[in-house]
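Data block below; observations after.
The values are calculated or read from the model by the stated rules, or taken from the named source; none is laboratory data. Computed from a prediction, not measured in an experiment: that's the story for all the values here. Reconstructed Cβ throughout: ideal geometry from the backbone, glycine too, with neighbour counts over all protein chains shown. Ligands, DNA and RNA are stripped out before the accessible areas are found, and what is left, the full protein with its side chains, is counted by its heavy atoms. Shrake-Rupley method; radii C 1.70, N 1.55, O 1.52, S 1.80 Å.
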Amino acid sequence: MAGSSVKPTPLLKDELDIVIPTIRNLDFLEMWRPFFEQYHLIIVQDGDPSKIIKVPDGFDYELYNRNDINRILGPKASCISFKDSACRCFGYMVSKKKYIYTIDDDCFVAKNPSGELINALEQHIKNLLSPSTPYFFNTLYDPYREGADFVRGYPFSFREGAPTAVSHGLWLNIPDYDAPTQLVKPRERNTRYVDAVLTVPKGTLFPMCGMNLGFNRELIGPAMYFGLMGDGQPIGRYDDMWAGWCMKVICDHMGWGVKTGLPYIWHSKASNPFVNLKKEYKGIYWQEDLIPFFQSAVLPKECVTVQQCYIELAKQVKEKLGKVDPYFIKLADAMVTWIEAWDELNSSGEKSSKSTSK
């Protein structure tokens, strides 16, 4: 069996980057080795840039710290958050691949109800490579999955589906709760494995979580900005949700779909609810204005690229949410800076020379 040691080439091996934000050694990658080893990693180091982050041997990776971000973006580095996992979106910007998978360093490999290890990345890729159904809900959920189809009464004109821009995965063990819910239910664990993938309907918003997330960077990349959070900002823990609301409005406008459900990862540790409350409390209050804003946001038909959509959305954020708090004026400016930086890094085909292979 000489060929038995040859590893099969994984899906999209040369078309996908794995982006990981971190402040610590990446020992968690050992568990993911069978699934991640053949892919390229982009590690975005948050916090003290002088700290050495250790990466297990055998992974192909680039590592960027705050000094690298400042060097590559110059003054535009102001749009990248510091001391917050929102810094991960810098990895989206410097990637040159068609697809991105991003995962947190406290997320481990989960098991399905049969006890088999779940290859989360493979499921995200399947979600992204098959169409979505944002215009008409299918009661058997994702009709493109094996063993499913469109049910009786589903219009044939909608069965071609829409391109899938985002695949939003879920978590077993520690649920992604806000601080008040954490405080009320400190011992609650998610043990429910739901074997389903759904398309989020057009016109419906959802709270996007960035800890187990795949997306088509070529389609929606410029909209995946995780905002201004953390150090020097009045808010935290809304980075992924802000990106999700902006992304969903743009996907609805562009005719693209967003899936949620499988795959699951094992979320290993709960963050401190009191620290979280301090980060979130303005967001919990502001959310009552943010959601109606995004629900009513309309992009003009002249917006035909994601960048044009995002700049228009930034203008509306400044005009309407700027009245809620001056922070949103600052955030709207950062949204424009993000697009300028994205275009600078992605128009000339230049690639950062910062690459490490071990």
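If amide H atoms are built 1.01 Å from N in the plane of the peptide, which residues on other chains or at least 5 residues away come under 5 Å of the amide H of Val197?
Asp142, Leu262
Given H placed on each backbone N at 1.01 Å, which residues far from Asp176 in sequence or on other chains put an amide H within less than 5 Å of it?
none
If each DSSP helix of 4+ residues adds -39,500 (n - 2.57) and the sum is divided by the residues in the chain, what number results at 222 nm, nearest 500 deg cm²/dmol?
Rounded to the nearest 500, it is -10000 deg cm²/dmol.
Of Lys97/Lys315; Lys111/Lys269; Lys248/Lys315; Lys126/Lys301; Lys54/Lys97, which sit over 22 Å apart, Cα to Cα? Mind showing how you got there, number by number?
Details: Lys97/Lys315 29 Å; Lys111/Lys269 17 Å; Lys248/Lys315 17 Å; Lys126/Lys301 31 Å; Lys54/Lys97 24 Å.
Check vs 22 Å cut-off fails for Lys97/Lys315; Lys126/Lys301; Lys54/Lys97.
Whole-Hz ³J(HN,Hα) for each residue in segment 30-36, computed from phi via Karplus 6.51 cos²θ - 1.76 cosθ + 1.60 with θ = phi - 60°, x for glycine and proline: what do you get?
For segment 30-36, the Karplus curve yields 4, 5, 8, 3, x, 9, 9 Hz.
Under a point-charge model restricted to the Cβ atoms of Lys and Arg (+1) and Asp and Glu (-1), what is the dipole moment magnitude of segment 108-161 relative to its Cα centre, in debye to the nearest 20?
Result for segment 108-161 is approximately 100 debye, rounded to the nearest 20.
Of all accessible surface on segment 1-92 at a 1.4 Å probe, what whole percent is carbon and sulfur?
With neighbouring chains kept in place, the figure for segment 1-92 is 55 percent.
Long-range amide H contacts for Asn25: which residues qualify at under 5 Å (H placed 1.01 Å from N, peptide plane, sequence gap of 5 or more or a different chain)?
When sequence neighbours closer than 5 places are left aside, the close amide H contacts are Lys54.
So, by mean Cβ neighbours within 10 angstrom, what's the order for 112-122, 55-65, 224-234 with the highest one leading?
224-234, 55-65, 112-122
Accessible area per residue, 1.4 Å probe, Å², for the chain: what's the number?
46 Å²
With contacts defined as alpha carbon pairs under 8 Å and 6 or more residues apart, what's the relative contact order of segment 246-358 in percent?
After rounding, I find 23 percent.
Which whole-angstrom value gives the distance between the alpha carbon centres of segment 222-245 and segment 65-93?
13 Å
Please list 3J(HN,Hα) in residue order for segment 240-256, calculated via the Karplus relation 6.51 cos²θ - 1.76 cosθ + 1.60 where θ = phi - 60°; whole Hz, with x for glycine and proline.
Values, residue by residue: 5, 5, 4, 4, x, 5, 4, 4, 5, 4, 6, 4, 4, 5, 7, x, 10 Hz.
Which ³J(HN,Hα) values in Hz, rounded to whole numbers, follow from the phi angles of segment 111-125 under the Karplus curve 6.51 cos²θ - 1.76 cosθ + 1.60, where θ = phi - 60° and Gly and Pro get x?
So the Karplus estimates, Gly and Pro as x, are 10, 7, x, 7, x, 8, 5, 8, 7, 4, 5, 4, 5, 4, 5 Hz.
What does the charge add up to near Glu218, with Lys and Arg as +1, Asp and Glu as -1, over the other residues with Cβ less than 9 Å from its Cβ?
+3
Treating only the Cβ atoms of Lys and Arg (+1) and Asp and Glu (-1) as charged, compute the dipole magnitude of segment 149-207 about its Cα centre; round to the nearest 20 debye.
140 debye
Going by the alpha-carbon gyration tensor, a ≥ b ≥ c the square roots of its eigenvalues, is segment 97-143 rounded (a/c under 1.5) or, if a/c is not under 1.5, prolate (a/b greater than b/c) versus oblate?
In terms of gyration-tensor shape, oblate.
Using the eigenvalues of the Cα gyration tensor, what equivalent ellipsoid semi-axes result for the chain when each is taken as the square root of five times the eigenvalue, whole Å, largest first?
So the equivalent ellipsoid measures 28, 27, 22 Å along its semi-axes.
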